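The values are calculated or read from the model by the stated rules, or taken from the named source; none is laboratory data. Fair warning: this is a prediction, and the values are worked out from it, not measured in the lab. Cβ: placed from backbone, ideal geometry, glycine included. Neighbour counts: every protein chain shown. Just the protein is used for accessible areas: all its heavy atoms, side chains included, with ligands, DNA and RNA removed. Shrake-Rupley method; radii C 1.70, N 1.55, O 1.52, S 1.80 Å.
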Amino acid sequence: MENALKPTMMDVAALAGVSQATVSLILNGSSGARFTEATRKRVFDAADQLGYRLSNKSSASSGPGSAPANKVIVFAVDELTTDPWMALAYEGAREKALELGIIVTLGVFRKGEDPDGGIFSICDGQALIGYIFGTILTRKIDPPEPLLKVPSVLVNCYDQERRLPSILPGDVAGGRAATERLISAGRKRIALINGQEGLDNPRDRLRGYKQALASNDLSYDPDLVHYGNWEPPSGYEKTHALMKLKDPPDGIFCANDLMALGCIEALNELGKSVPEDVSVVGFDNRDIAQFTMPPLTTFHLPMFEMGVMAVELLSDMAGGLTSNHDQLKVECRLVARSSA
């Protein structure tokens with residue numbers, strides 16, 4: 001029936017046993033995405049079984065009277081496969097662009113490559129709207145030269161000179177909210193297992209952590225702040241170190257979900273019940289967070305939403321509209337589960 005619910009990309013991901021970002025990358029044939037043939041086959045088989053087809057509003061509007069050239073946004077990223085973040089941002093951008101009848105082309109641009117070649121030269125002969133440039137790590141960048149010649153938006157990175165608008169996760173507010181979640185659970189001695197020192201995300205999440213403590217009349221104790229490397233083993237090791245303190249924590253904020261996995265494992269090993277003895281909060285909302293024991297309370301990293309906003313902002317810029325905001329911060333919303 002025409003009105004029956006159509007299968008979604010989420011349905012394909014569930015049937016294939018992969019993430020929605022993986023489905024998007026495989027079905028779109030995205031440049032720079034590397035997957036095994038078995039994974040590709042599972043995705044294509046699931047899509048066929050469900051009757052899922054990618055939307056293509058641009059081709060639907062290519063009848064008589066339509067513009068002869070496709071409107072194109074180039075989404076360039078520095079990395080696709082080490083983490084899902086840029087794939088999710090691309091998916092948000094693609095879905096929003098489809099609503100507007102725009103094609104989004106995805107490719108990888110790495111430091112040292114010719115900025116006038118590769119991904120930045122694929123739109124010859126097409127109506128280029130502009131560029132979106134994204135990075136896996138939130139960081140300062142020196143934008144590739146092509147971005148300065150046409151409307152461009154940065155995602156998860158920023159230009160120190162503020163020549164280009166950027167869209168970033170609200171890490172300070174997120175760090176504060178994560179700590180306040182533990183405070184609201186009655187925790188008085190709250191530790192932070194942070195990411196690698198010197199990066200933007202750990203710096204900002206630490207700032208939010210300190211703000212929450214100060215606002216709730218809890219003293220800051222540097223012995224409760226440890227730096228990991230974003231991986232589960234560092235969460236495990238830092239938790240063991242924290243629990244050896246003379247006055248150990250009763251709440252632990254882990255700056256990402258992978259370190260929270262190691263944290264919960266360590267607490268279980270030590271005979272500590274989560275959340276009865278020690279509450280744990282993560283950050284990112286990776287797929288695996290819902291399957292920990294207990295399920296992990298975390299904060300959603302809004303990469304999909306940032307991709308949507310990037311297309312909206314770029315479309316406005318291409319239409320001659322300007323914004324007073326050269327740096328937009330997107331809320332990291334709470335995903336409440338059982339660990340805190």
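Applying a threshold of 9 Å to beta carbon distances and a minimum spacing of six or more residues, or different chains, the list of pairs starting in region 110-124 at a residue that is closer than 19 Å to T81 by Cα and ending at one that is assigned to a loop (DSSP other than H, G, I, E, B) and at pLDDT 65 or above reads R110/D78; R110/E79; K111/D78; E113/P144; G118/F109; I119/F109; I119/E113. State yes or no: is V225 touching a residue at least 40 places away in the same chain (Cβ under 8 Å) and of a type in the set (A, V, I, L, M, F, W, C)? Here the answer is no, as V225 does not meet what is asked.
Only a single item in (1) open to solvent by less than 50 Å² (accessible area, probe 1.4 Å); (2) in contact with a Lys or Arg (Cβ under 6 Å, 6 or more places away or on another chain) is not met by M303, and it is number (2). Residue count for region 80-96, restricted to those that are touching a Gly at 6+ places or on another chain (Cβ under 9 Å) and either more than 17 Å from R139 (Cα to Cα) or surrounded by fewer than 17 Cβ atoms within 10 Å (Cβ to Cβ) (or both): 9. Scanning region 172-180 finds no residues that are at positive phi and either surrounded by fewer than 16 Cβ atoms within 10 Å (Cβ to Cβ) or touching a Cys at 6+ places or on another chain (Cβ under 8 Å) (or both). Checked against (1) assigned to a strand (DSSP E or B); (2) open to solvent by 70 Å² or more (accessible area, probe 1.4 Å), G134 passes all but a single condition, namely (2). Checked against the criterion of being among the hydroxyl-bearing types (S, T, Y), modelled with pLDDT of 95 or more, open to solvent by 10 Å² or more (accessible area, probe 1.4 Å) and over 20 Å from L88 (Cβ atoms), region 236-249 has at least one qualifying residue. Has region 194-214 got at least one residue that is aromatic (F, W, Y) and open to solvent by 60 Å² or more (accessible area, probe 1.4 Å)? Within region 194-214, not a single residue is aromatic (F, W, Y) and open to solvent by 60 Å² or more (accessible area, probe 1.4 Å). Among all residues of region 164-171, there is at least one that is within 17 Å of the chain's Cα centre (by Cα) and either part of a helix (DSSP H, G or I) or at pLDDT below 95 (or both). Filtering region 306-333 down to residues that are in contact with a helix residue (DSSP H, G or I) (Cβ under 6 Å, 6 or more places away or on another chain) and under 26 Å from A127 (Cβ atoms), which residue is surrounded by the fewest Cβ atoms within 10 Å (Cβ to Cβ)? Looking at residues that are in contact with a helix residue (DSSP H, G or I) (Cβ under 6 Å, 6 or more places away or on another chain) and under 26 Å from A127 (Cβ atoms), I get V308.
Within region 214-253, the set of residues being touching a Gly at 6+ places or on another chain (Cβ under 8 Å) and aromatic (F, W, Y) comprises Y227, W230, Y236, F253.
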